[in-house]
């Protein structure tokens with residue numbers, strides 16, 4: 001699960017930084033009775049800087065060393081990076097930022113936050129040295145992170161109406177997932193399994209009065225319906 005990987009990376013940075021990197025978390029259940037924390041719902045702290053938002057888009061950067069993990073965060077025109085060395089030897093790695101996700105200017109520069117060393121940056125490329133089992137915390141200044149949807153999901157909206165319902169057929173549960181200003185999703189799943197059902201159909205009517213049918217032919221039986229406008233759950 002992606003949430004478990006994020007949990008490990010953020011916790012690793014928290015421990016190695018001795019609490020200087022600290023993001024709030026929510027408790028979540030995982031599969032097979034696994035439990036972990038979900039990060040990213042609220043800003044945290046990064047070596048004295050408050051209000052820093054965890055930001056982990058895919059392919060943000062590449063590293064020439066496989067021993068180095070990283071987490072990333074952002075605030076304004078700054079990108080915060082923490083590299084953790086998983087080996088017992090000093091690692092010197094070359095970092096290349098993805099130009100489609102981080103826009104550079106002639107004033108862009110890299111600076112160490114925890115006394116480590118970082119080479120000069122040219123066109124989004126710089127070198128970084130990480131101590132054995134250590135951490136290198138950096139900030140890239142005067143850049144523009146290209147945020148695709150995170151701000152919309154984190155935006156607070158006035159949520160009203162019923163967002164949960166139960167359906168007797170199939171012992172089904174219906175939940176409205178509110179994703180801030182990004183949108184809403186209706187998620188329906190059956191607790192009954194394929195010992196009772198071979199296939200399942202979801203019949204639903206939108207707020208505009210449009211009737212639709214979705215079919216699921218394999219267990220687990222579950223449905224996700226995108227909603228274009230605010231809605232409430234009316235299950236029966």
Out of all the residues in the stretch 178-189, is one or more in contact with a strand residue (DSSP E or B) (Cβ under 6 Å, 6 or more places away or on another chain), modelled with pLDDT of 85 or more, assigned to a loop (DSSP other than H, G, I, E, B) and crowded, with 16+ Cβ neighbours inside 10 Å? no
Do we have residue 25 as free of Cβ contacts under 8 Å to residues at least 24 places away in the same chain, in contact with a helix residue (DSSP H, G or I) (Cβ under 8 Å, 6 or more places away or on another chain) and either on the phi > 0 side of the Ramachandran plot or surrounded by 12 or more Cβ atoms within 10 Å (Cβ to Cβ) (or both) here? yes
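Please determine whether any residue of the stretch 67-89 is farther than 28 Å from residue 4 by Cα, modelled with pLDDT of 95 or more, in a loop (DSSP other than H, G, I, E, B) and out of contact with any helix residue (DSSP H, G or I) (no Cβ under 7 Å at 6 or more places or on another chain).
Going residue by residue through the stretch 67-89, those that are farther than 28 Å from residue 4 by Cα are 77.
Pick out the ones that are also modelled with pLDDT of 95 or more and you get 77.
Still in the running and in a loop (DSSP other than H, G, I, E, B): 77.
Applying the additional criterion that residues be out of contact with any helix residue (DSSP H, G or I) (no Cβ under 7 Å at 6 or more places or on another chain) yields 77.
Yes.
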Just to be sure I understand the filter: pairs with C-beta atoms under 9 Å, separated by 6 or more residues or on different chains, first member in the stretch 107-132 and at positive phi and free of Cβ contacts under 8 Å to residues at least 60 places away in the same chain, second member loosely packed, with under 14 Cβ neighbours inside 10 Å and part of a loop (DSSP other than H, G, I, E, B). Which pairs pass? 123/99; 124/99
What's the number of the condition residue 100 fails, among (1) loosely packed, with under 15 Cβ neighbours inside 10 Å; (2) under 22 Å from the mean Cα position of the chain (by Cα); (3) part of a strand (DSSP E or B)? (3)
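Determine if the stretch 67-75 includes at least one residue that is loosely packed, with under 14 Cβ neighbours inside 10 Å and either free of Cβ contacts under 8 Å to residues at least 40 places away in the same chain or farther than 16 Å from residue 140 by Cα (or both). If you could, list the steps in order and put the result at the bottom.
Applying the first criterion (loosely packed, with under 14 Cβ neighbours inside 10 Å) to the stretch 67-75 yields none.
No, every residue in the stretch 67-75 fails to be loosely packed, with under 14 Cβ neighbours inside 10 Å and either free of Cβ contacts under 8 Å to residues at least 40 places away in the same chain or farther than 16 Å from residue 140 by Cα (or both).
The values are calculated or read from the model by the stated rules, or taken from the named source; none is laboratory data. Remember, it's a predicted structure, so these values are computed and weren't measured experimentally. For neighbour counting, all protein chains shown are included, and Cβ atoms are generated from backbone atoms with ideal geometry for every residue, glycine included.
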